[in-house]
Amino acid sequence: MTDHAVQRAAAPIVAGPPQFLGIPWLGLTAVLMGTFISTLNGRLSNFGLADIRGALHAGFDEGAWITTAQTTAQMLVAPLAVWVGGVFGPRRALLAAAASFAVISLIIPFSVDLPMLLILQFAGGLASGFFIPLTLGFILQNSPPKYWAYGIALYALNLELSLNISASLEGWYVEHLSWRWIFWQNIPLAVIMGLCLHFGVARDAAKPNRPPADVFGLLSAGLGLALIYAGLDQGNRLDWLNSGLVTALLGAGGVLVAGFFVHEARTAHPLINLKAALGPPIPRLLLLIGFLRLTILATAFLIPLYLQSVRAFRALQVGQTLVWIAAPQLLLCFLAALMLRRMDPRIVACMGFIFISLACLMVAHGLTPVWGSDQFLPSQLLQAVGQSFALSGVLFFGILHLRPQDALTFGAAVQTARLMGGEIGLAFITTFTRMRSQTASNFIGQHIQSGDGRVLQRLHAYAAVGGRASSDPAAAAARGGAILSAVVRTMASTQGVIDAFVIIGALTAVALLLAVSHRAAPIGPASHRPLFEEAS
């Protein structure tokens, strides 16, 4: 597809000659910073969870709610963000959210106990929950059509970059400054975002006929999604449906979300346009976005899991691996944007899915317990290319089917698919890896029999190594048994990670079929062609 064809395809979401006020690129920087801040903050809290728990003297179980509180709040506020952005305009909504987030980030490290921290984390999630739902709508409504591809590519870059640099930042903060900087680093970022919004975005026009608030829709959608997310986030720790709490969270959330859709189909003033949200190809594209979140988190979860559990790397060492995956994104986003302007976005997305699948199979084929940072780089650089191309292509393809009034709905749907798809994917990968590691440990254990000659020979060798630090034969023998157990755990953990990359590679092939089987985006009416030719 040519550059003009892509721009003509985007015509359905343009109602007339746009009026671009303010400084478009400054405003675009502001909303993209919001996406970056939101994702980075959640990921930093996750990586620094042990340090935060230690500072508050919190145990593992109660401390597990620290990250859940923040992201559950983001799910809760997503529908409200769409309504507020539509009624009061994104500028005012984002300015208030950025200011609130900066103040909350300043206060959080002074929490005296876990309940206070959880309350502030929840409040911070409510503020940062406005950032991502309003980003895509702002890009479409406040940027010239010729810049949409670049805005979408930068949006994809933000999600990738913030996930992969967080381990390095957390390790550096803890080793050189303090765990408090996990939160304090948000203050200058939020201030810069607010300044860019103030000077780069024109004031929102007054809307005398504001639509009434759909209170039931806001509450049922937000609360339902938040409960489902909390159940998914705690499911692996509490053993899923064997836990009454997880069952109650998932069941109550499911009932509320079902009630929301029934209500939206019957009310005179719906919160979202169900035809836009559920009409083709949006559901399929949202499924692909959720799946891509799974692949992004697979890189950000499986590699640290392997390096920390098998190679005993510290957070800073893990970050040094992931940062090399993030660095190429700065160049790849512009390459993806150029390709989107000159090619069918389905081709760009399919190229990305192929690269992701190949990268996963490269790891699955070659991973051994002696792998370090350098061995991961070739496959993960390929996966970085694939994730940028796939996410940019899928998002841009969805945008080509939108109307102006559906931009905020699409932004909220993408936020929901991103968070919920990522949480479902992470829960699946976490549980799958744990179960495959347990299965591998069982299989390996079946070949370690007491009295077997080879086992005894291995134990004697390990005991000799352990005996160098102690003259007690019994202590040396115990040390030899502990080393053998550690070797079994290492092999089992490695096999679990291998199996996880295999399943992700297979699922990526299914996603490729979904992307390639959809027909091309619609061509806009001829009356819009001069506008787009002028914009190009």
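Beta carbons within 10 angstrom, averaged per residue: use that to sort the peptides 178-189, 236-247, 131-142, highest first. Could you put the intermediate results ahead of the total?
On the way: 178-189: 18.9, 236-247: 14.0, 131-142: 25.8.
Final packing ranking: 131-142, 178-189, 236-247.
Peptides 359-370, 97-108 ranked from most to least packed give 97-108, 359-370, packing being the mean of other C-beta atoms within 10 angstrom over each peptide's residues.
Among residues other than TRP65 whose Cβ falls under 14 Å from its Cβ, what is the net charge (Lys/Arg +1, Asp/Glu -1)?
Numbers: positive: ARG53, ARG237; negative: ASP61, GLU62, ASP113, ASP233.
Residues close to TRP65 contribute a combined charge of -2.
The HN-Hα couplings worked out from phi for segment 217-227 by the Karplus form 6.51 cos²θ - 1.76 cosθ + 1.60 (θ = phi - 60°) are x, 4, 6, 5, 5, x, 5, x, 5, 5, 5 Hz, whole numbers, x standing for Gly and Pro. In this structure, HIS57 and SER485 have a Cβ-Cβ separation that, at R0 = 22 Å, corresponds to a calculated FRET efficiency of about 0.10. Stokes-Einstein diffusion of segment 19-132 at 37 °C, 0.692 mPa s viscosity, Kirkwood radius from Cα pairs, rounded to a whole number: 221 µm²/s.
Rounded, prolate or oblate: which fits segment 249-291 when a ≥ b ≥ c are the square roots of the eigenvalues of the alpha-carbon gyration tensor, with rounded for a/c under 1.5 and prolate only if a/b beats b/c? Oblate, since a/c reaches 1.5 and b/c is not below a/b.
For segment 213-268, the calculated P(r), taken from all Cα-Cα distances in 10 Å bins from zero up to the bin holding the longest distance, is 28, 43, 21, 8, 0 percent. Computed from the C-beta positions of HIS269 and GLN375, the FRET efficiency with R₀ = 41 Å rounds to 0.15.
Site pair ARG203 and ARG519 shows an inter-label distance of 4.7 nm when each label is modelled 7 Å from Cα along Cα→Cβ. Sorting the segments 500-507, 343-350 by their mean number of nearby beta carbons within 10 angstrom, highest to lowest, gives 343-350, 500-507. Computed from label points 7 Å out along Cα-Cβ, the spacing between HIS176 and ALA248 is 4.6 nm.
Here, each number is a calculation from the coordinates, and none is a lab measurement. Model, not experiment: these values are computed from the prediction. Cβ atoms come from the backbone with ideal geometry, glycine included; neighbour counts cover every protein chain shown.
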